[in-house]
1. Neighbouring Cβ atoms within 10 Å as the yardstick, rank 29, 64, 246 fewest first.
2. Looking at the stretch 1-104, which GluC sites (Glu not before Pro) are in a loop (DSSP not H, G, I, E or B) and have at most 15 other Cβ atoms within 10 Å?
3. Would you work out the Kirkwood radius for the chain? I mean one over the mean of 1/r across all pairs of different Cα atoms, in Å.
4. Give me the Kirkwood hydrodynamic radius of the stretch 158-291 in Å, from all C-alpha pairs, to one decimal place?
5. What three numbers, in Å, describe the spread of the alpha carbons of the stretch 1-55 along their principal axes, ordered from the longest?
6. Could you work out the relative contact order of the chain, using alpha carbon pairs under 8 angstrom and six or more residues apart, expressed as a whole percent?
7. Of the cross-linked pairs 9/40; 5/254; 134/238; 114/305, which ones have a Cα-Cα span greater than 20 Å in the structure shown?
8. Given the Cα-Cα distance of residue 103 and residue 282 and 0.36 nm per residue of separation, how much length would full extension add, in nm?
Amino acid sequence: MRCRKCGQKAVINMRQHRLSLCAAHFQEWLPAQVDRFIKKYKMFNYTDRVLVAVSGGKDSLALWNILAQLGFQTDGLYIDLGIDEGIAYSSRSREVTESFALQRGLPLHITDIKESYGESIPQINERTHRGRSKPCSVCGLVKRHIFNDFAQKNNYDVVVTGHNLDDEAAILLANTLDWSLEFLARGYPVLPAKPGFTKKTKPFCRIYERESAAYAFVSGIAYMESECPFSLDSKQLKYKRILNQWEDDRPGMKLRFYLHYLNALNAGAFPWKQDNAKTLSQHLCPQCGQPTSTGGLCTFCRLFKQP
Ligand code: Q46
Ligand code: ZN
Ligand code: ZN
C-alpha cells in the first residue's frame, strides 16, 4: 500500500475515499478536510473565540490539535466528572489533557464537578436515580449545561465537540430505528446561538473514527485509551459495530447514510427543524438563564434543588 501523493509507504488506506496516504500527507490531508467542513457548514471563523470540549480521548484532542494548527483561537474546557470505577478514569483523563495542553502551550480550563457541586457524577446518579441506571443521562445533562454555562459567562462564540462520523451515524441509526422525529430534527452539526445558548458545532462530523485515531497516532498525541467504564456495552457501541460491518461490505456506506440524512434535513424532511430552535429558547431558567422547554427551573437546576 503506497501513498497516492508521494509513493512512500502508506499509513492509512481509506477505501471510502479510494485514497491511501503516508503519515506526512495524511497529516496535511485531514486538517484540510476539517477546515473545508468548518467553512462549508459555516461553523466558525478566525475571529471567533472557540471553546473546545475536551475529554482526554483521541477525538477531542485530535480536534483541538487541528484547530490550533489551522490558526483558530481555541481554549479547552475539561470537566472532571469524578468517575473512578477502579481505573481512576477521570483523574487519568485529566492528567492526559493537562499534559497535552501544557506541551502545546494551549489554554485549558477545568471544572471539577465534585468541587463545584459537592458530588461526582456517580453520586448524583445514585441520589437522583438510586443507582437504577447508568449515569450517562445525568452525565450528558451536566456536561451540556457546564459547557454552555462556561461559554456564556466567558463570552465564547462557539462550543465545539469531537463527535466523529461514527458517533453521528450511530446516533442517527438509533434515532431512525426509533423514528424519534424530535431528535432526528436536531441532528444538524451546527446548533445556532439563541438567548442563553452558545452556538454548538461538530467539526469532525464527516471524519471517520479510524481517521481520527490514525491522526492522533501519527501526530504523537498521547490520549486516554480506556473508554469511560460506563460506556462499555452501550447501545451506541452496538450500533457502531453494526455500521462497521456494513461499511466493510460497502465502503463509504456510513458517510452516505449521514450525508443523505443532512440532505433530507435541509430539504425539510423533519418539519419542526426550524421550530425546534424557537421552542428551545421559549423559556429561560430563572436560576441559571439557560433555555428550557418548560417554564420554571431547568433540569440541571432541579438536580441540585434543596428539598
Ligand atoms: S462520560 Fe458520562 Fe460518557 Fe461515561 S458516564 Fe456515560 S456519558 S459514558 S460520553
Ligand atoms: Zn505521501
Ligand atoms: Zn437552570
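All of the numbers you see were taken from the coordinates with simple rules; none came from a lab. On a predicted model such as this, the values are computed, not experimentally measured, just so you know. Heads up, the Cβs are rebuilt from the backbone with ideal geometry, glycines too, and the neighbour counts pull from every protein chain shown.
1. Arranged by neighbour count, lowest to highest, 29, 64, 246 become 246, 29, 64.
2. Values: sites: 28, 85, 95, 98; in loops: 85.
Hits after loop and neighbour filter: 85.
3. On the way: mean 1/r = 0.0486 Å⁻¹.
Mean inverse Cα-Cα distance, inverted, gives 20.6 Å.
4. On the way: mean 1/r = 0.0599 Å⁻¹.
Taking the inverse mean of 1/r over all distinct Cα pairs, the stretch 158-291 comes out at 16.7 Å.
5. So the three principal-axis extents are 40, 25, 18 Å.
6. Values: 457 pairs, mean separation 57.0, N = 307.
Taking the mean separation of contacting Cα pairs over the length of the chain, I get 19 percent.
7. 9/40; 5/254
8. Details: separation 179, 0.36 × 179 = 64.44 nm, distance 4.33 nm.
Result for the pair: 60.1 nm of gain on full extension.
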